[in-house]
1. Within region 259-267, identify whether any single residue is over 27 Å from Gly154 (Cβ atoms) and either at pLDDT 95 or above or touching a helix residue (DSSP H, G or I) at 6+ places or on another chain (Cβ under 8 Å) (or both), and answer yes or no.
2. Out of the residues in region 162-195 that are crowded, with 21+ Cβ neighbours inside 10 Å, touching a residue at least 60 places away in the same chain (Cβ under 8 Å) and among the hydrophobic types (A, V, I, L, M, F, W, C), state the one that is farthest from Pro84 (Cα to Cα).
3. If I filter region 232-252 for residues that are assigned to a strand (DSSP E or B), over 24 Å from Ala65 (Cα atoms) and either more than 13 Å from the chain's Cα centre (by Cα) or in contact (Cβ under 8 Å) with a residue 24 or more places away in the chain (or both), do I get at least one hit?
4. Among the residues in region 19-38, are any in a helix (DSSP H, G or I), within 21 Å of Pro301 (Cβ to Cβ) and out of contact with any helix residue (DSSP H, G or I) (no Cβ under 8 Å at 6 or more places or on another chain)?
5. Please name all residue pairs, on different chains or six or more residues apart, with Cβ atoms under 6 Å, provided the first residue is in region 9-32 and is within 27 Å of Val49 (Cα to Cα) and the second residue is modelled with pLDDT under 90 and in a loop (DSSP other than H, G, I, E, B).
6. Which helices (runs of 4 or more DSSP H) sit wholly inside region 50-127 and have at least 2 residues that are out of contact with any Asp or Glu (no Cβ under 7 Å at 6 or more places or on another chain) and either of a type in the set (A, V, I, L, M, F, W, C) or surrounded by fewer than 18 Cβ atoms within 10 Å (Cβ to Cβ) (or both)?
7. How many of the residues making up region 159-209 are part of a helix (DSSP H, G or I) and of a type outside the set (S, T, N, Q)?
Amino acid sequence: MIPVDLTRVQLRSLGERVNKVALAGMARPHRPGQTFMDFLTSLPSLMLVEDFRAIVKAVVAARRAGRPVIAGLGGHVIKCGLGPLLIDLIERKIITTLAMNGSAAIHDFEIALIGATSEDVAEGLKDGTFGMVRETGELMNQAINRVLECPEKGMGELLGDQLNRIAVPCRDYSLLAAARRLSVPLTVHVSVGCDIIHMHPSADGAATGRASFNDFRLFSAVVSELTGGVYLNIGSAVLMPEVFLKAFTIAQNLGKNLHDFVTVNMDMIAHYRPGENVVRRPASVGGRGYTLQGRHEIMVPLLAAALIEAFS
């Protein structure tokens, strides 16, 4: 084998090459006293920043056209202390519908009750006390079990009404309560056996299934109007991406022909299901899909602030 003779390779001028990075797109240093909008415009016009800006534009365009902006949440989003930001976006009519898994509902409910949530799971496993606090199970299951008397109500409505009924001290920090106060759809989607309140003697499988199923039907109705709108999956790796895909399928089956929508997955690491069920598969039907990867406690406030600035 004879080594390659590099004197024979063909070279070209640097000026002839197409370049992906140029001075016009580079970042500008932050200066003391600059505004948040100054910070946003100082970011480099490259890669994820361009996707971020496209997402902000899509949300603004959707709301100005009267189209929905739906946020699907996992429990970690609430544990990161982001509830007040999401409530503010609802009050500003930027987010029009919320959907959450059972974990998110539990953390939100506990914050409303005592202004705190999230226990040490590993420590509680040692003696079997994990998830066994009385008030959370009794009050949430009491609310959910009311579906047996009101068979058309969803879990989100039932839990929100419960918080308003018992006048909890930290209700202003609850998405469940805020959604009822502002008449915004909020749905809760559970998998039986995944949530701590399913371990309690007050749990009723029939009520849990009925209440969550009612919310699935409501969520499907919201998703059926997604044309021109935006769906944000924030911090749910499995359940909400699966629920969204089924609701999307129902819309298509009923002849909605969804198009010109934007889907976004926001999580700390890349997961298979949101990548497929939120970003890629729906986009292949008639939309655009984006991924914003990063810590929730940084990325969600950044997006919220950018949206508020865009509407100001």
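1. First pass over region 259-267, keeping only residues over 27 Å from Gly154 (Cβ atoms): 259-260.
If we keep only those that are either at pLDDT 95 or above or touching a helix residue (DSSP H, G or I) at 6+ places or on another chain (Cβ under 8 Å) (or both) as well, we get 259-260.
Within region 259-267 (the criterion being over 27 Å from Gly154 (Cβ atoms) and either at pLDDT 95 or above or touching a helix residue (DSSP H, G or I) at 6+ places or on another chain (Cβ under 8 Å) (or both)), the answer is yes, since at least one residue qualifies.
2. It comes out as Val190.
3. Going through region 232-252, the residues assigned to a strand (DSSP E or B) turn out to be 232-234.
With over 24 Å from Ala65 (Cα atoms) added as a condition, the list becomes none.
No; the residues of region 232-252 include none that is assigned to a strand (DSSP E or B), over 24 Å from Ala65 (Cα atoms) and either more than 13 Å from the chain's Cα centre (by Cα) or in contact (Cβ under 8 Å) with a residue 24 or more places away in the chain (or both).
4. The initial filter retains those residues of region 19-38 that are in a helix (DSSP H, G or I), namely 23-25, 36-38.
Next, only the ones that are within 21 Å of Pro301 (Cβ to Cβ) stay: 36-38.
So of that shortlist, the ones also out of contact with any helix residue (DSSP H, G or I) (no Cβ under 8 Å at 6 or more places or on another chain) come out as 38.
For region 19-38, residues in a helix (DSSP H, G or I), within 21 Å of Pro301 (Cβ to Cβ) and out of contact with any helix residue (DSSP H, G or I) (no Cβ under 8 Å at 6 or more places or on another chain): present.
5. Matching pairs, first to second residue: Gly25/Leu46.
6. On the way: elements: 75-79, 83-91, 102-114, 121-127.
Helices (runs of 4 or more DSSP H) meeting the threshold: 83-91, 102-114, 121-127.
7. Going residue by residue through region 159-209, those that are part of a helix (DSSP H, G or I) are 159-165, 171-173, 175-182, 196-199, 205-209.
Right, trim to of a type outside the set (S, T, N, Q) and you get 159-161, 163, 165, 171-173, 175-182, 196-199, 205-207, 209.
Of the residues in region 159-209, 24 are part of a helix (DSSP H, G or I) and of a type outside the set (S, T, N, Q).
Residues checked against (1) in contact with a Cys (Cβ under 9 Å, 6 or more places away or on another chain); (2) within 16 Å of Gly72 (Cβ to Cβ); (3) of a type in the set (Ser, Thr, Tyr):
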| position | (1), (2), (3) |
| --- | --- |
| Ala270 | no, no, no |
| Asn277 | no, yes, no |
| Gly289 | no, yes, no |
| His296 | yes, yes, no |
| Leu307 | no, no, no |
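The values are calculated or read from the model by the stated rules, or taken from the named source; none is laboratory data. Computed from a prediction, not measured in an experiment: that's the story for all the values here. Neighbour counts run over all protein chains shown; Cβ positions are idealised from the backbone, glycine included.
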